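Colleague: Take a look at the following structure, please.
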Amino acid sequence: MVDLVAKQKFVYVDESGDPDIELSKEGPSDYFVLSAIIIESDFLADEETKLREIIDRFFPRGQIKSSKIGSNISRRRKILDSVTKLNFSHYSQVIDKSLIISDSGLRFRKSFIKYINRILYKKLFESFSDIHVIADRYGRSEFMKGFKDYLLKRLPQRLFERSTFKFEDSNDYPFIQLADLFAGSINRCYSGVDPMDVLNIIRERTIIIDEWPPRTPKPIGYDELENSEKYDYLVRHRAVQQADSFVEKFSNSASEIEQAQVAAVKYLLYYFRTADPEEYIYTSKLQKYLAHYGFAMSEREIRQDIIAALRDHSVIIASNYSGIKLPYSVDDLSNFVSMVSSQTVPYLNRLEVCRDFFLLATNGELDIVDPVIYPELARYFSNDT
């Protein structure tokens, strides 16, 4: 059912933001972003040639740097639109430093860098069995010396059986420069400097944008809301809370199908938080995303072993004929109820007609809805709620 894809991949990593969590100081940004550009080895040479042509067009005297683009939002959009036509995937991790306890061990710069990077690399090495990671080495000579040993100690050895990890100069590796562009662009959006719709440009190349620590929406002026608005808030707050709870509970599961379920929930959270929370996601799109993570599944398997199973675990997923999503409002749940009703009630009506026929034909002796075997259906037909 779940087939782990083992094609060789190259992963290029860079970051954006200051690792200092003392936000009261002048200078540190609210967010720290790690971005990974993932490309299959078969496509690497051709796509690198194309990327170098883009770099020459927009940066004729240097390399891609998000900081060089700065607040020129029109130029940033053009560059992002150009690079997203290449054949690669992208994964980012966004750290909201305001949610980190100020007196935790992460207040130390080196500890913060190691811990946050470990989260990223654990995800990469667990998701892809044959990868070669190249990270930007700028300004990290002291960190580089011990980080590989740190990873080897902290992560299971099996994760490194067919994988490598090294630091290199971004000037020699254009895909590290691309990681810089993505990390910087995402940081600007999350920090409120640029509009969030910039992320729509990179959506088709994005596997997921993970947020750490996990967060749930907070009510603003809740008591002043109308009842309908309160109900809408309750729906989305509870939906995100249940989704985050599932991820936290099953993230370290040894079960491949539960890992696929976790990946699906993270994708739903990503769409809810960074794309359009009112947009439904086609099953085929979720299927493509899961394949990126190494879970090759049919749409039927996704509906049965992912979506239905998640609902059994109390993850609240709305759906209609356009796809699935975490509910953003009562209307989303109403659409779900309407779809279930349109599919279920006709079946129940047909079953009732069939049941009544045999009850009448046998003087009540043959009840095809045996209350011992089908107690829920029997209660429905007897109106015993």
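Colleague: Can you tell me which residue within region 283-334, out of those that are outside any helix (DSSP H, G or I), loosely packed, with under 14 Cβ neighbours inside 10 Å and at pLDDT below 90, is farthest from the chain's Cα centre (by Cα)?
Modeller: Only one residue tops the list, namely Tyr321.
Rundown of residues vs (1) out of contact with any Gly (no Cβ under 9 Å at 6 or more places or on another chain); (2) touching a residue at least 60 places away in the same chain (Cβ under 8 Å); (3) over 17 Å from Ile134 (Cα atoms), yes/no style:
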position	(1), (2), (3)
Ser35	no, yes, no
Leu44	yes, no, no
Asp56	yes, no, yes
Ile64	yes, yes, no
Lys68	no, no, yes
Ser82	yes, no, yes
Ile95	no, yes, yes
Ile113	yes, yes, no
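Colleague: Separate question: Can you tell me which residues in region 34-74 are closer than 21 Å to Ser92 by Cβ and basic (Lys, Arg)?
Modeller: The answer is Lys65, Lys68.
Colleague: Inspect region 108-115 for any residue being under 23 Å from Ile202 (Cα atoms) and within 21 Å of the chain's Cα centre (by Cα) and give the result as yes or no.
Modeller: Checked region 108-115: no residue is under 23 Å from Ile202 (Cα atoms) and within 21 Å of the chain's Cα centre (by Cα).
Colleague: With Tyr270, Tyr190 as the choices, which residue is under 23 Å from Asp96 (Cα atoms) and modelled with pLDDT of 90 or more?
Modeller: Numbers: Tyr270 fails: modelled with pLDDT of 90 or more.
Checking each option against the conditions leaves just Tyr190.
The values are calculated or read from the model by the stated rules, or taken from the named source; none is laboratory data. Predicted model, so just to flag it, every value in this text is computed and none were measured. With ideal geometry, Cβ positions are generated from the backbone for all residues, glycine too; neighbour counts draw on all protein chains shown.
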